[in-house]
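Here's the structure, in structure tokens; my notes come after.
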Amino acid sequence: MSSRRAEVTRNTKETQITLSVNLDGTGTSRIDTGLPFLDHMLEQVARHGLIDFALVAKGDLHIDAHHTVEDIGITLGQAFARAAGDKKGIRRYGHAYVPLDEALSRVVVDFSGRPGLEYHVDFPRARVGEFDVDLVHEFFQGFCNHALVTLHVDCLRGKNAHHNAETIFKAFGRALRMALEVDPRAPDVVPSTKGSL
């Protein structure tokens, strides 16, 4: 199988982002977004997804974090789409339940070639530190639209906003890991009766 890596650069008047990903990594990451909480969440994706990535983002944080978070989701989605290539051999579907103390989240992903997000998360407060939790949705919407995946994100329970977010991102990493794993029984087969995704 060819190397499943990609590099993406995004430069707009609002953000400048450089990103490299390796889907067959060990979970190492170098992340600097200017948003420490988001850095922490993306480290969870890398570690639990066994995906290596290096990400540097500079955004118009003097306005707010919206453009930066959304554009990181977009860029990450583009990188995953490129790295997955024709999707031959992948398992396609992935799911994970992840607990953290009282919180429990479920994430299910399908590398379907069709963007779709079902997001059902109620945070008990509006911010974790300085981070606006509304932006978690914007991150996943950007990712879905550009990775061309169907994604279901459900926080099933939790009273601590940090725990809720962390279970979501850890489950996201685990679900990606499962979906992108190469099936040794069909390493050259696109997992669709259509023959393409």
- Task: Could you tell me which of the residues 158, 142 is touching an Asp or Glu at 6+ places or on another chain (Cβ under 7 Å), on the phi > 0 side of the Ramachandran plot and buried (at least 18 other Cβ atoms within 10 Å of the Cβ)?
- Result: 158
- Item | Subset of segment 170-197 that is touching a Gly at 6+ places or on another chain (Cβ under 6 Å) and assigned to a helix (DSSP H, G or I) - its residue that is nearest to residue 40 (Cα to Cα) | 173
- Check 53, 80 and return the single one that is within 14 Å of the chain's Cα centre (by Cα), hydrophobic (A, V, I, L, M, F, W, C) and part of a helix (DSSP H, G or I). 80
- For residue 62, work out the one condition from (1) without any contact (Cβ under 8 Å) to a residue 12 or more places away in the chain; (2) crowded, with 21+ Cβ neighbours inside 10 Å it doesn't fulfil. (2)
- Only one of these conditions is not met by residue 156: (1) part of a strand (DSSP E or B); (2) within 19 Å of residue 45 (Cβ to Cβ); (3) of a type outside the set (Asp, Glu). Which number is it? (2)
- Note on the structure: If we ask which residues in segment 21-40 are touching a Leu at 6+ places or on another chain (Cβ under 9 Å) and outside any loop (DSSP other than H, G, I, E, B), their number turns out to be 7
- Does segment 177-184 contain at least one residue that is surrounded by 17 or more Cβ atoms within 10 Å (Cβ to Cβ), in contact (Cβ under 8 Å) with a residue 40 or more places away in the chain and not hydrophobic (A, V, I, L, M, F, W, C)? yes
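Coordinate-derived values only; no laboratory data. What you see is a predicted model, and the numbers here were worked out from it, not measured in a lab. All Cβ positions, even for glycine, are placed from backbone atoms using ideal geometry, and neighbour counts span all protein chains on display.
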